[in-house]
Amino acid sequence: MDSWSGRRVRLRGIEPDDWQAFKEFDAHSADMRSGDMLHPPRSDEGYRRWALDEATRPPDGDEFRLAIATARDGVLVGTVNTVDADPRAGRFGYGVAIGHRHQRRGYAREAIGLLLAFMFGERRYHKCEVGIYAFNEPSLRLHRSLGFTEEGRLRDHEYLAGAHHDLVLLGLTADEFAERRPFPALPDVSGGSER
């Protein structure tokens with residue numbers, strides 16, 4: 001199994017043909033609000049161009065977006081992206097979104113685990129910080145179960161659906177992550193002992 005695959009999901013680059021799945025994901029206003037905000041409708045051509053731009057965008061340091069596909073049959077179920085990557089301070093954030101009809105199947109949990117293993121174990125980041133709307137109880141439960149600790153709350157921070165909402169700030173260090181999910185050992189590639 002490669003570093004980008006788990007039992008349930010595989011993280012991969014976004015492909016131009018993914019536009020239809022992203023259009024379907026955006027059809028659920030509550031999901032859009034839970035992860036970001038409600039956006040105006042976009043044309044099919046707008047989705048095609050967005051997917052093409054994402055598929056051809058060169059990496060921007062440690063900030064990138066990946067598609068979340070099922071490991072078994074490759075169905076696109078969501079996306080995960082890194083944000084605010086600061087290699088000097090050793091911290092980063094991310095966003096994760098799972099399409100409405102694919103939720104509550106463990107896809108987000110596994111995708112987050114794969115992303116954290118890469119950022120902590122390969123890119124040498126020390127801490128991950130995320131902000132979750134206080135009304136998004138499923139995401140708060142998920143992150144707490146992954147070992148994230150609440151570090152603060154920004155009161156009335158975001159405006160959605162006619163009201164202001166708190167933003168809950170959570171953090172997880174590389175050591176805390178490794179306590180729950182040790183990094184894999186490197187295989188012995190020496191070919192035997194030297195003489």
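General remarks:
- Test: residue in the range 105-124 that is closer than 26 Å to Ala30 by Cβ, among the aromatic types (Phe, Trp, Tyr) and open to solvent by less than 20 Å² (accessible area, probe 1.4 Å): no
- A single entry from Val96, Val83, Val168 fulfils the requirement of being free of Cβ contacts under 8 Å to residues at least 24 places away in the same chain and assigned to a strand (DSSP E or B): Val83.
- Residues in the range 26-54 that are modelled with pLDDT of 85 or more and surrounded by 16 or more Cβ atoms within 10 Å (Cβ to Cβ): 6 in all.
- Any hit, the range 185-195, residues being open to solvent by less than 90 Å² (accessible area, probe 1.4 Å) and in contact (Cβ under 8 Å) with a residue 12 or more places away in the chain: no
- Matching residues in the range 147-162 - criterion: being touching a strand residue (DSSP E or B) at 6+ places or on another chain (Cβ under 9 Å) and open to solvent by 30 Å² or more (accessible area, probe 1.4 Å): Thr149, Glu150, Glu151, Arg153, Leu154, Arg155, Asp156, His157, Glu158, Tyr159
- Where Cys128 falls short, out of the listed (1) outside any strand (DSSP E or B); (2) at pLDDT 95 or above; (3) in contact with a strand residue (DSSP E or B) (Cβ under 8 Å, 6 or more places away or on another chain): (1)
The values are calculated or read from the model by the stated rules, or taken from the named source; none is laboratory data. These figures come from a predicted structure and were not determined experimentally. Don't worry about glycine lacking a Cβ; one is built from the backbone with ideal geometry, like all the others, and counts go over all protein chains shown. Heads up: the accessible areas ignore ligands, DNA and RNA and are worked out on the full protein's heavy atoms, side chains in. Shrake-Rupley method; radii C 1.70, N 1.55, O 1.52, S 1.80 Å.
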